[in-house]
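Reading through the structure tokens given below for one structure.
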């Protein structure tokens, strides 16, 4: 009952949140002097609460998200236990009763396939990300810009596909609301962080290879995952892309009116250049969200926090390519940006570009009505968009 009440409280607060900033800090391997493993703790403190993001490459790359009702809550790690074969209980938040919600996302596998007409699709051996070798994250940690990068290659690479390439997860934390500088220019809040997945320089194993990134969302009992799709007419920040997707966690039975507890949010676009332009866009698609039975993914930190008990596990595949399948073949570069955080995902209003076009096409009176309507929608969304401090 207490857990269910905590979930309901978080969802209600997330729906009624107000705009504000957070004090954000980053700490590498807290309490551990070795750089042989990677654990990054991002702590985002508000007036009455704290959000914790724990990124790690111990096992498969993962992030643990924890919301607390205390501005002084702290991460604790028993390193000896965390690095043992039985890490359950090695990671916790102090005080434990300040936690109102927790979830984890694990990036488990990278699939590569190509079309082999007329036989259909040809799949190559899967890259298991829990078997990658990762560089020290400490070398890329920037406390001022609030950025860091996990970069790795397969520990065993008999074909030499990664001889001149790598796979990376680039993390950016935020102290307030804004928009990313690079396409797709995701809108963010102080209750979210951005992750950019980058595959660069790796040799494709077939002509027109396409890639699929698999991720798994881990929830304690009492929350459900759902994939939302939303069409948008805003073409300024992700040109020619009109679809947004959100993988949200919701309380069971719609007990809080469908408000999200947490989310992963992205636009249906990836890019084939480190300095992306419109012509570098690559379509990305999400497969069907499915529940996974059996053991949790091989990621130490989520297992250390949630233990070995029952948990809800959802799996999603995100694919890159299609009619643009030769982009990676030609450029050897692929990037995909996703926002993750607490509460409802941010939503774009009409962009200035769209309003300007409407003003020319429809005339000033209709454009004024459109702008007024957008302002009203934006005001209503602002009332229901973010995570509220916990009283």
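Using a Förster radius of 25 Å, what is the FRET efficiency between residue 94 and residue 133 based on their Cβ-Cβ separation? Nearest 0.05, please.
After rounding to 0.05, the efficiency reads 0.20.
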P(r) histogram, all alpha-carbon pairs of the range 125-266 included - 10 Å bins from 0, percent: 9, 29, 34, 23, 4, 0
Between the modelled labels at residue 122 and residue 293 (7 Å from Cα along Cα→Cβ) the distance in nm is 3.6
Test of understanding: what is the full-extension gain from residue 329 to residue 207, defined as 0.36 nm times their sequence separation minus their Cα-Cα distance? 43.2 nm
Based on the Cβ-Cβ distance of residue 35 and residue 175, what FRET efficiency does E = 1/(1 + (r/R0)^6) give at R0 = 25 Å, to the nearest 0.05? 0.40
What FRET efficiency comes out for the pair residue 20/residue 164, r = Cβ-Cβ distance, R0 = 51 Å, nearest 0.05? 0.70
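Bear in mind that the values in this text are calculations on the coordinates, not laboratory data. The model shown is predicted, which means the values in this text are computed figures rather than measured ones. A quick note on method: Cβ atoms are made from the backbone with ideal geometry, for glycine too, and the neighbour counts reach across all protein chains shown.
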